[in-house]
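Okay, so here's the structure we're looking at.
The values are calculated or read from the model by the stated rules, or taken from the named source; none is laboratory data. Quick caveat, the model's predicted, so the values are computed rather than measured. Cβ: placed from backbone, ideal geometry, glycine included. Neighbour counts: every protein chain shown. To get the accessible areas, we keep the full protein, side chains included, count just its heavy atoms, and leave off ligands, DNA and RNA. Shrake-Rupley method; radii C 1.70, N 1.55, O 1.52, S 1.80 Å.
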Amino acid sequence: MKYNFGMIGLGVMGRNFLLNVADNNYKAYGLDTDAEKVAALKEEGQGREVDGTTDMATFVENLETPRKIMLLVPAGKVVDIVIHDLLKYVEEGDLIIDGGNSHYNDTTRRVQELESKGIHFIGVGVSGGAKGARFGPSIMPGGNAEAYAKVAPIFEAVSAKVGEDPCVAHMGKGAAGHYVKMVHNGIEYGLMQLLAEAYDLLKQVGGLNNQEIHAVFSEWNAGRLRSFLVEITAAIFAQRDDLTEGDLIDNILDKAKQKGTGKWTSQNAMDIGIPIPTIDSAVTMRGLSALKQERLAADAMHPSPLVDYAEDKAAFIAHLEEATYFAFVVTYAQGLALLADASTEMNLDLNLETTAKIWRGGCIIRADLLEIIRRAYTSNPDLANLMLAAELRQDLAKAQNSMREVLKAAIDRHIPLLTMGSTLHYYDAYHTGRLPLNLVQAQRDYFGSHTYERVDQDGVFHTEW
Ligand code: 6PG
């Protein structure tokens, strides 16, 4: 008997994904150098057509051709090492599928290297964490479309579903899958930081305790902000600490780590010249959070503002809900604007409607809002910016006023709102016909003879200032 699908890397993600494949009536086979992980797969896979080995030759031998071999191993060097080993055994026409959070430049290189050997390399973004992998992730594959078609039925079976729609689709050429996943994570960073800022405001302006904060996020999750991240945020505030009497949230150190996908999003956006200030700010806040000792020392030198709660708490919370909705839309708008430009710039052939469609379920940034976003790109695939979509424009125009109220409250109380603030400044700058950057052009010409264009005549000008 040959197996339909192989997985290399039987950590929790790889094991769960493979069990999901087996649940969908495909014969699934795993490989890991760690015998305990292979044993764990066999144990959990009892009653299903699933097996595993620590030997690569046996693994490859047991797969039907063309082989569909997925890697869920740590991004970076390990992927190259595994590919190098696999090349001794695989044959022309086989598929090597990388499901980790690989950098898209690595994926582009691997596609080229393997295509020249007749092996198809499919870079795939997988979102949804361990639970998603087990019961339905959102899957973002890219690369050779004909090769992808060979594994598409398996991915469609294991993916999350929204109604009948599977949360997987071919994203585009080359490294499109990993590029889309990277931007997904950039948006994820933005939304998470926005919710962290909302928490700070509920606590410091609203004067709410954890139970009350839980209630507010739960209520938001019953409305237009309904999303996975708001849902888990609500749940976090209800979690008691196992080790003390208090709530767990109060005992977690305020230093956020990062694996790099948010930073890569900002780096690439800078490279291709697309502004995504909310995602940049979220990455920056992780950096600021890491400066814990410096922050503590500076805090002690700095007079703290008086504790001063909003007079009308209910009105403030209502503004904050509007502001958070505004900020969510603007964050998706920035990520999608980056995807639109990168698609042309890097010849990825992305489709934003399809992207929004498969993000509606399974992934970390899934949200009801994505259905509105999908519709916006269905009615206008060439939409310059999501903020201009007919279905959202009026809501944003109204909600911006609440964001202004929220920012005013924060500034007076010394509450840092880098990420929320950046959404409003982005919105304002995008809606300003004339910005003061005529002065920047004048300065560049003044000190560097860099020339400038004029508002009243065509051509390039220089002045002896
Ligand atoms: C997902 C997540 C997943 C991972 C993040 C964490 O879509 O399932 O994005 O890929 O949890 O990469 O990223 P940081 O460690 O950088 O916060």
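Can you tell me which residues in the range 332-380 are away from the ligand (no atom under 16 Å from the Cβ) and at positive phi?
Of the range 332-380, the ones away from the ligand (no atom under 16 Å from the Cβ) are 333-334, 336-338, 340-354, 357, 368-369, 371-380.
Listed by number, the residues that qualify are Asn347, Asp349.
Do we find a residue being surrounded by fewer than 22 Cβ atoms within 10 Å (Cβ to Cβ), touching a Ser or Thr at 6+ places or on another chain (Cβ under 7 Å) and in contact (Cβ under 8 Å) with a residue 12 or more places away in the chain anywhere in the range 330-337?
No, because not a single residue in the range 330-337 is surrounded by fewer than 22 Cβ atoms within 10 Å (Cβ to Cβ), touching a Ser or Thr at 6+ places or on another chain (Cβ under 7 Å) and in contact (Cβ under 8 Å) with a residue 12 or more places away in the chain.
When the range 414-458 is examined, which residues are found to be of a type in the set (D, E, K, R) and open to solvent by 40 Å² or more (accessible area, probe 1.4 Å)? Steps first, answer last, please.
Residues of the range 414-458 that are of a type in the set (D, E, K, R), as a first pass: 428, 434, 444-445, 453-454, 456, 458.
Correct list: Asp428, Arg434, Arg444, Glu453, Arg454, Asp456, Asp458.
Scan the range 341-363 residue by residue and report those that are in a helix (DSSP H, G or I) and either in contact with a helix residue (DSSP H, G or I) (Cβ under 9 Å, 6 or more places away or on another chain) or farther than 19 Å from Ala384 by Cβ (or both). Quick ask: steps written out before the conclusion?
So in the range 341-363, the residues in a helix (DSSP H, G or I) come out as 341-345, 352-358.
Within the range 341-363, Asp341, Ala342, Ser343, Glu345, Leu352, Glu353, Thr354, Thr355, Ala356, Lys357, Ile358 meet the criteria.
Just for the range 17-33: of the residues that are more than 18 Å from Ala75 (Cα to Cα) and either of a type outside the set (A, V, I, L, M, F, W, C) or at pLDDT below 95 (or both), which one is surrounded by the most Cβ atoms within 10 Å (Cβ to Cβ)? Even if it seems obvious, please write down each step before you answer.
Going through the range 17-33, the residues more than 18 Å from Ala75 (Cα to Cα) turn out to be 18-30.
Within this subset, residues satisfying the condition of being either of a type outside the set (A, V, I, L, M, F, W, C) or at pLDDT below 95 (or both) are 20, 23-27, 29-30.
On the way: Asn20: 21, Asp23: 16, Asn24: 17, Asn25: 11, Tyr26: 21, Lys27: 19, Tyr29: 28, Gly30: 32.
Ranking the qualifying residues of the range 17-33, first place goes to Gly30.
Could you name every one of the helices (runs of 4 or more DSSP H) located completely within the range 234-318 that has at least 3 residues being exposed (fewer than 12 other Cβ atoms within 10 Å of the Cβ)?
Values: elements: 261-272, 277-290, 292-301.
Qualifying helices (runs of 4 or more DSSP H): 292-301.
Within the bounds of the range 17-31, is there any residue that is in the same structural domain as Gly125 (by TED's automatic domain parsing), part of a strand (DSSP E or B) and among the charged types (D, E, K, R)? Explain how you work it out, then say what you get.
We begin by selecting, within the range 17-31, every residue in the same structural domain as Gly125 (by TED's automatic domain parsing); these are 17-31.
Still in the running and part of a strand (DSSP E or B): 28-31.
Remaining after also requiring among the charged types (D, E, K, R): none.
Within the range 17-31 (the criterion being in the same structural domain as Gly125 (by TED's automatic domain parsing), part of a strand (DSSP E or B) and among the charged types (D, E, K, R)), the answer is no, since none of the residues qualifies.
List pairs: first residue in the range 273-285 and touching a residue at least 12 places away in the same chain (Cβ under 8 Å), second residue open to solvent by 40 Å² or more (accessible area, probe 1.4 Å) anywhere in the structure, Cβ distance under 6 angstrom, at least six positions apart or on different chains.
Ile274/Asp341; Ser281/Leu418; Val283/Lys263; Met285/Leu418
If I filter the range 380-398 for residues that are under 22 Å from the mean Cα position of the chain (by Cα) and over 26 Å from Ser343 (Cα atoms), do I get at least one hit?
no
Filter the range 34-61 for residues that are in contact with a helix residue (DSSP H, G or I) (Cβ under 7 Å, 6 or more places away or on another chain) and part of a loop (DSSP other than H, G, I, E, B); which is surrounded by the fewest Cβ atoms within 10 Å (Cβ to Cβ)?
Glu49
Working only within the range 94-150, note down all residues that are β-branched (Val, Ile, Thr) and either closer than 19 Å to Asp349 by Cα or more than 11 Å from the ligand (Cβ to nearest atom) (or both).
Ile96, Ile97, Thr107, Thr108, Val111, Ile119, Ile122, Val124, Ile139
Taking the stated definitions as given, is Leu225 crowded, with 21+ Cβ neighbours inside 10 Å, assigned to a loop (DSSP other than H, G, I, E, B) and more than 12 Å from the ligand (Cβ to nearest atom)?
Working: crowded, with 21+ Cβ neighbours inside 10 Å: yes; assigned to a loop (DSSP other than H, G, I, E, B): yes; more than 12 Å from the ligand (Cβ to nearest atom): yes.
Here the answer is yes, as Leu225 does meet what is asked.
Has the range 256-273 got at least one residue that is acidic (Asp, Glu) and away from the ligand (no atom under 16 Å from the Cβ)?
Restricting attention to the range 256-273, the residues satisfying the condition of being acidic (Asp, Glu) are 271.
Going one step further and asking which of them are away from the ligand (no atom under 16 Å from the Cβ), we end up with 271.
Looking through the range 256-273, at least one residue is acidic (Asp, Glu) and away from the ligand (no atom under 16 Å from the Cβ).
Out of the residues in the range 171-190 that are touching a strand residue (DSSP E or B) at 6+ places or on another chain (Cβ under 6 Å) and part of a loop (DSSP other than H, G, I, E, B), state the one that is nearest to Leu386 (Cα to Cα).
Across the range 171-190, the extreme among qualifying residues is Met171.
Kindly indicate whether any position in the range 191-202 is crowded, with 22+ Cβ neighbours inside 10 Å, of a type outside the set (D, E, K, R), under 22 Å from the mean Cα position of the chain (by Cα) and away from the ligand (no atom under 16 Å from the Cβ).
yes
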